[in-house]
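The values are calculated or read from the model by the stated rules, or taken from the named source; none is laboratory data. Quick caveat, the model's predicted, so the values are computed rather than measured. Backbone-built Cβ (ideal geometry, glycine too); neighbour counts: all protein chains shown. Just so you know, the surface numbers come from the protein's heavy atoms only, side chains and all, with ligands and any DNA or RNA stripped out. Shrake-Rupley method; radii C 1.70, N 1.55, O 1.52, S 1.80 Å.
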Amino acid sequence: RLAQWRREEADGAIFRDQLADAARRWEERGRTPALLWRDDVLAEYRSWRRKHPIALTTTEAAFAAASLEREASSSRRRRLAYGSVVLVLGAATLVTLAYARQARRASVQADAAAARAEAALTAVEVQRGAQMLGEDRPAQALVWLADAEARGAKGADFNFLLAEAARRVDAQVATWRPEEGPLAALEWSPDGERLVTASAEGRVRIWHADGPLI
């Protein structure tokens, strides 16, 4: 143990010499901050002071105090910088969340508006089909009602209109004049207003839905 104490005392004396030398150079060069102790050397100084609470010279005490103050100041700056980064990241997160919520609301509103527009268009098609059926124009009515069904129209009233239009179209009888030649093809226009026929001889005719030739 005595040998250990002697080694510690010798180490302490060596460190005291290092402190005195560092303080002297710091004082001679106008107390420049670049010569102050930091990091591991400053940690070693703290450990040495706990074991050797001896009186220091004015220059040594000022050097040690300046080193400790510089470390404390650097630590405060790091904490402030870290706090600033946290605040910035927090603000950015809040902005991102707010933007995401706004985007979701806009998407929901857009979907709702699209659904309302689709429902309004479907209602117009059903109304138009009912009107055509009331005017005894089942082919035109069937075109409007078929489009409404494709958009999702349903219900007992709609099903009745659709079935009635189909029944009336099936009940219609068209007479093909022999002078036109054998019938090769027949097609309705998309709006149900016209009928196109083609004979086997290549003659094409366009008819109104109620029969007269256009």
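Points to keep in mind about this one:
- Residue check, SER74 open to solvent by less than 100 Å² (accessible area, probe 1.4 Å), hydroxyl-bearing (Ser, Thr, Tyr) and modelled with pLDDT under 80: yes
- Scanning segment 129-170 for residues that are modelled with pLDDT under 85, open to solvent by 80 Å² or more (accessible area, probe 1.4 Å) and small (Gly, Ala, Ser) turns up nothing.
- Sub-7 Å Cβ pairs linking a first residue in segment 201-213 that is within 13 Å of TRP188 (Cα to Cα) to a second residue that is open to solvent by 90 Å² or more (accessible area, probe 1.4 Å) and modelled with pLDDT under 80, at least 6 apart or interchain, are ILE206/ILE214; TRP207/ILE214; HIS208/ILE214, ordered by first then second residue.
- The requirement of being modelled with pLDDT of 85 or more and out of contact with any helix residue (DSSP H, G or I) (no Cβ under 7 Å at 6 or more places or on another chain) is not satisfied by ALA91.
- Taking first residues from segment 141-156 that are within 17 Å of ASP170 (Cβ to Cβ) and partners that are open to solvent by 40 Å² or more (accessible area, probe 1.4 Å) and in a loop (DSSP other than H, G, I, E, B), the Cβ contacts under 9 Å between residues at least 6 apart in sequence or on separate chains come to ALA141/GLU135; VAL143/PRO190; VAL143/ASP191; VAL143/GLU193.
- Residues located in segment 49-71, provided they are surrounded by fewer than 12 Cβ atoms within 10 Å (Cβ to Cβ) and of a type in the set (Val, Ile, Thr): ILE54, THR58
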